[in-house]
Every structure is written in C-alpha cells, then in structure tokens.
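The values are calculated or read from the model by the stated rules, or taken from the named source; none is laboratory data. As the structure is a prediction and not an experimental result, all values here were calculated from the model. Virtual Cβ from ideal backbone geometry, glycine too; neighbours counted across all protein chains shown. Please note that ligands, DNA and RNA were not included when accessible areas were found on the heavy atoms of the full protein model with its side chains. Shrake-Rupley method; radii C 1.70, N 1.55, O 1.52, S 1.80 Å.
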Amino acid sequence: MSTPQEIARTAAEAADSKKAQDVAVIDVTGKSDVCDCIVVATVANNPQAHAVMDAVEEAVRTGCGAKPLSVEGRDGMSWVLIDYGPVVVHVFKPEQRAFYRIENLWADAPRIEL
C-alpha cells in the first residue's frame, strides 16, 4: 500500500499532466485529524475539471492501488473533492479557490515538492 505522501504526489502529477494550474501538495500529518495530505489544483472550465478528476482517479488507482472513498461536487464542478481517506484532493475553479483559500488555512504546514 502506498503512503499518503505517495498518493498525494501521484494525484498532483496527474492533475498537472492535464494542465491544472497552481497544483500544491500540503502535508498536514499531525496537524489534522481528517487527513495527512491535501492536494489543491485549479481548473479553468468543466471539461478540464472532468479531465483532471479522471486522470487523478486513474493514476492513483493504477499507481497506488487506491480508490476514492467518495467524490463530492461532480454536479456543480466549481469545487470537486476526491476523498482517499488519508489524502483529500480539491479541484477548484479560480473563484472558489480564492474564496476558500485552503493554502492559507494550512500556511504553517510543509509543502511536498513535485
């Protein structure tokens, strides 16, 4: 089984491969009771959001052997959350990413380089 950091890195690289912008991986191990890593990515439109989601799910399934516990927001596509348990992937449109500012919430947490 892959580590949360490996799953997060795999998800981030998959998002980047579909031209997601400002992809960030935040290691919240020991700082959050919910997960160990957060991946954040920005997409320009619904087709790109679908492409990023599909790429993340495929890469994590084949590369790490993990399937999402749940996927939320697929209908509205302005903020999609893919929950792998120890890793949560957020795919935002620019307005929602600016509004929720997840990186600011975890400003003191280390980033994982891609």
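Things worth noting here:
- Charge context of residue 86, other residues only, Cβ under 14 angstrom, K/R +1, D/E -1: -2
- GNM flexibility winner over the chain from 13, 103, 72 (Cα, springs under 10 Å): 72
- Förster radius 30 Å - calculated FRET efficiency between residue 99 and residue 1, Cβ distance, rounded to 0.05: 0.30
- Segment residue 111-residue 46, extension gain: residue separation times 0.36 nm, minus the distance between their alpha carbons: 20.7 nm
- Only protein atoms count toward the accessible area here, which uses a 1.4 Å probe; on the chain, the carbon and sulfur part of that area reaches 49 percent.
- log10 of Debye I(q)/I(0), alpha-carbon scatterers only, for the chain at 0.18 Å⁻¹: -0.81
- Couplings 3J(HN,Hα) of the range 70-86, computed from phi: 7, 10, 10, x, 4, 6, x, 6, 8, 8, 10, 10, 10, 9, 9, x, x Hz, in residue order, whole Hz [Karplus 6.51 cos²θ - 1.76 cosθ + 1.60, θ = phi - 60°; x for Gly and Pro].
- Where only alpha carbons of the range 1-60 are counted, the Rg and the Dmax (Å): 11.7, 35
- Å² of accessible area per residue within the chain, as computed with a 1.4 Å probe and no ligands counted: 52 Å²
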